[in-house]
Amino acid sequence: MHLPFIFLDATWHIGRRSPDGRLHKRFTKNWDYEFGLLSVSLDPEAWRSGWAGEEGVIYEVAASGRPLCFLDADNTLAYHRNAIEAAAIHAQLIRRDASGIHAAEQLYLALDLTANSQLHLEGRPFEDQLLQAALAVLASGDGMIDGLWWPDTLNGATRTERGGVYQHRLAELAIAITPSASLAPNLSAKELPCAIL
């Protein structure tokens, strides 16, 4: 099956400065916009107000000798919804009953999220979030994929398009504090064969 990918030479995370200047895997937390993946964007300053605050520092995230590879979560869901659901049920990440689909405990465990937490988003049903969270888990074992990317801004609710980098990939990536994210990264999109679904 061919899936849509976004390739970037760099992206940025805005957050708290760690004592050693590195990004570390975070602790279990509630469901968020990126399902527990490290939040990144092309415009981190857009997330400073009301999110990271004045103390937030910007980290550049890149991969050595190759572009970062993100699975386009919105387009994958739009065109492969049934395949995602079938694979997620098979992997016991979700279950379906007469009232719809629901998260299984394994989904929360795989993403290191608090069980039964969920985020209510304008214009994005929780069922869509569940399927994209399951997609994140299904794609996490593919060494080519660094995370998921969301080109939409949820009707402006999330400020900019954004991505989520797998926490387990952080040690392999080139991460450095940067004073500014004024660089314009090279971005490209491609459909490539992928066997995650």
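The values are calculated or read from the model by the stated rules, or taken from the named source; none is laboratory data. This one's a predicted model, so the numbers in the text were calculated from it and none came from an experiment. Methodologically, a virtual Cβ is constructed for each residue, glycine included, from the backbone with ideal geometry; neighbour enumeration extends over all protein chains shown. The accessibility values were calculated without ligands, DNA or RNA, using every heavy atom of the protein model including side chains. Shrake-Rupley method; radii C 1.70, N 1.55, O 1.52, S 1.80 Å.
With angles folded into 0 to 90 degrees, how steeply does helix 126-139 sit against the dominant principal axis of the chain? Use alpha carbons for both and round to 10.
70 degrees
Please report, in debye to the nearest 20, how large the charge dipole of the chain is about its Cα centre when each Lys and Arg carries +1 at its beta carbon and each Asp and Glu carries -1 there.
So the magnitude is around 320 debye.
For the chain, find the longest principal axis of its Cα atoms and tell me its angle to the long axis of helix 73-90, 0 to 90°, nearest 10.
That works out to roughly 50 degrees.
Please give the net charge around Leu3, taking every other residue with its beta carbon less than 15 angstrom from that of Leu3, where Lys and Arg add +1 and Asp and Glu add -1. All intermediate terms of the calculation are to be shown ahead of the outcome.
Values: positive: Arg81, Lys190; negative: Asp72, Asp74, Asp142, Asp146, Glu191.
For residues surrounding Leu3, the net value is -3.
If I compute solvent accessible area with a 1.4 Å probe over the protein chains, what percent of it on the chain is carbon and sulfur?
Looking at the chain in its full context, I get 52 percent from C and S.
So which residue, out of Tyr33, Tyr79, Tyr59, gets the largest mean-square fluctuation from a GNM of the chain using Cα contacts under 10 Å as springs?
So, out of Tyr33, Tyr79, Tyr59, the one fluctuating most is Tyr79.
If each residue of separation counts as 0.36 nm, what is the full-extension length gain between Asp112 and Ala98 once their alpha-carbon separation is subtracted?
Stretched fully, the Asp112-Ala98 segment lengthens by 2.3 nm.
How much area per residue is accessible in segment 1-146 when the probe is 1.4 Å and only protein heavy atoms are counted (Å²)? Don't skip to the end; give the middle numbers.
Details: 7070 Å² over 146 residues.
The answer is 48 Å² per residue.
Ignoring GluC sites (Glu not before Pro) that are buried or in helix or strand per DSSP, and keeping those with at most 11 other beta carbon atoms within 10 Å, what is the longest stretch of the chain between them?
Longest stretch, sites excluded: 123-197.
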